[in-house]
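The structure under discussion appears below in the form of structure tokens.
A short reminder: the numbers here are calculations on the coordinates, not readings from a lab. Please read these numbers as outputs of a predicted model, since none were measured by experiment. No Cβ is skipped: glycine too gets one built from the backbone with ideal geometry, and neighbour counts run over all protein chains shown.
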Amino acid sequence: MSSEKIREIGEGSSSSGGGGVITIAPSPSPDNHRRQPSSSSPAPPPQQLSRYESQKRRDWNTFGQYLKNQRPPVPLPQCNYNHVLDFLRYLDQFGKTKVHLHGCLFFGQPEPPGPCTCPLRQAWGSLDALIGRLRAAYEENGGLQENNPFASGAIRVYLREVRDSQAKARGIPYKKKKKKKRPNLQIMASNNNNDAGATSANFQLQSS
């Protein structure tokens, strides 16, 4: 019995009245341990998502959970722009941007001197970025581009209204980013033609 080891791998039940189940197995020698090759190579570490991709995944999961919580639940293929608009309004309760109402003394003041009871809302910029991520996630998860509810014209109109109303209420005008002007290709082409013509004329004079 010196080359074998007794192990107890279970316990008997009180109804059977027996003891634990006993098995006899040979004890592995140190040589056997050294001879055993590794069963599998270590798995490569998972690729870390970028901040944008991580946020897009969280937003997509949040929207999917919102649809499931509806009564009755809304399957994703049946989602339309109305569900998206309701989702944006639902998110307002978690907003942190003070939007003054028309009757508020601080309406239109960018730096109000005191507190007020006006509600907190989601900032326009946050909603606009959210829709961009959800629009991309919808198509990445099998949705058709022509049926994308996040790309609906009604969503763009809603975002524009939120942007304008928040700009007036907070006294912070919205400034559209100016696009960089590209150099006039026609002027560059004409300059190149003039340079080519001058070079040709100089060559003819030198040849004569």
Dividing the mean separation of Cα pairs under 8 Å (6+ apart) by the residue count of segment 91-167 yields a relative contact order in percent of 30 percent
Mean Cβ-within-10 Å packing, highest first, puts peptides 119-125, 151-157 in the order 119-125, 151-157
Burial-style ranking of 59-66, 139-146, average other-beta-carbon count within 10 Å with highest first, yields 59-66, 139-146
Applying the gyration tensor rule to the Cα atoms of segment 57-136 (axes a ≥ b ≥ c; rounded if a/c under 1.5, else prolate if a/b exceeds b/c, else oblate), the class is prolate
Whole-Å distance linking the alpha carbon centroid of segment 55-98 with that of segment 105-174 is 14 Å
Between ALA123 and residues 5 or more places away or on another chain, the pairs with built amide H atoms under 5 Å apart involve LYS96, THR97
Once both label points are put 7 Å beyond Cα along the C-beta direction, the LYS168-THR62 separation in nm becomes 2.8 nm
Of 77-84, 49-56, ordering from highest average Cβ density within 10 Å down gives 77-84, 49-56
With a Förster distance of 25 angstrom and the Cβ-Cβ distance between ARG160 and GLN70, calculated FRET efficiency to the nearest 0.05 equals 0.40
